[in-house]
1. Quote to one decimal, in nm, the extra length available between residue 281 and residue 323 on full extension: 0.36 nm per residue of separation minus the C-alpha distance between them.
2. At q = 0.13 Å⁻¹, what log₁₀ I(q)/I(0) does a Debye calculation on the Cα points of the stretch 256-343 give, no solvent, two decimals?
3. Divide the volume of the convex hull of the Cα atoms of the stretch 12-165 by its number of residues and quote the answer in cubic angstrom per residue.
4. Answer rounded, prolate or oblate for the stretch 175-334, using the Cα gyration tensor with square roots of eigenvalues a ≥ b ≥ c: rounded when a/c is under 1.5, else prolate when a/b is larger than b/c, else oblate.
5. Sort 342, 305 by Cβ crowding within 10 Å, fewest neighbours at the top.
6. Kindly state, as a whole number, the per residue volume in cubic angstrom of the convex hull around the alpha carbon atoms of the stretch 206-252.
7. With the Cα gyration tensor of the chain in hand, convert its eigenvalues to equivalent ellipsoid semi-axes via √(5λ) and list them largest first in whole Å.
8. Pulled fully out, how much extra length does the chain show between residue 38 and residue 213, if you take 0.36 nm times their separation in residues and subtract their Cα-Cα distance?
């Protein structure tokens, strides 16, 4: 049976026997989302969990995401006399990357018992059709790309993407530092680390924006004035942990450390994050990055943490990967970016 055209939240049949799709139906879908993500992640060996209190936010509408059109549920209707059961889900969206590049992405989960039966490939086809619909309403751009992600543990998902023509375009290393031994690195002369104050936030934000321009994973929509105002009051911030180096009234470099206490309790660990490690060009090659990282690791250890995490582009032009390895970080997983042309 050929696939039928979608109509809002109505059910659409597919060419996989018993499989159909529908849209998001509000809070009634929350238990489906939690179950599918939990079982999918468990079989893939992924520790992350979708907690009930996080589901509402995950489904909330925001820029470039409408849950009633961009959350798609795969249904098994093969059992006669019973209502179709939800077996998979996809979350779709888009963003602007580097200049004149627009990226249309999908995130997909499937129950283990339905894998290897052509269901995931059918989900990808359906996702691509929805992304084509979104793209049709956008002004022309130089390049339109379909995008998906995986960890190195998601062998089945990777196989599905490759079978549909997606190719690896980038890898990112997730790294951990065990905080037993922390190298000492002095701060370069003429620079000082100051406690982050609210009147520093604008300067810190602008340096982040400057650093992200031109990076592979840049998201243009992240750097609007509206996003700045939301960022400066974000509950996820831990500015008392930030290490920001100043040269007079200029930000020279930073590490915006954070600790997620809720996450640590849920996972039974004591982990901090050394994130947004930036050194501006005039202050590079002076040992500032390693000094800020060393200070950050000491600070996280003083807060009771026993490990610190960061992520790095495997092709980072500043040779950051080698720096982190020298500082004692070790890779524990690899994330892969997949893309193919939408044309």
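What follows is calculated from the coordinates using simple rules that are stated; it is not laboratory data. This structure is a prediction, so every number in the text was calculated from the model and none was measured. Here the Cβ positions follow ideal geometry from the backbone for every residue, glycine too, while neighbour counts run over all protein chains shown.
1. Here the segment from residue 281 to residue 323 would lengthen by 13.5 nm.
2. Values returned for q = 0.13 Å⁻¹ are -0.52.
3. Measuring per residue, one finds 125 Å³ for the Cα hull of the stretch 12-165.
4. Numbers: a/c = 1.30, a/b = 1.14, b/c = 1.14.
Because its axes are fairly even, with a/c under 1.5, the stretch 175-334 counts as rounded.
5. In increasing order of surrounding Cβ atoms, one gets 342, 305.
6. Here the figure is 110 Å³ per residue.
7. Each semi-axis is the square root of five times an eigenvalue, giving 40, 22, 19 Å.
8. On the way: separation 175, 0.36 × 175 = 63.00 nm, distance 3.50 nm.
Gain on extension, residue 38 to residue 213, equals 59.5 nm.
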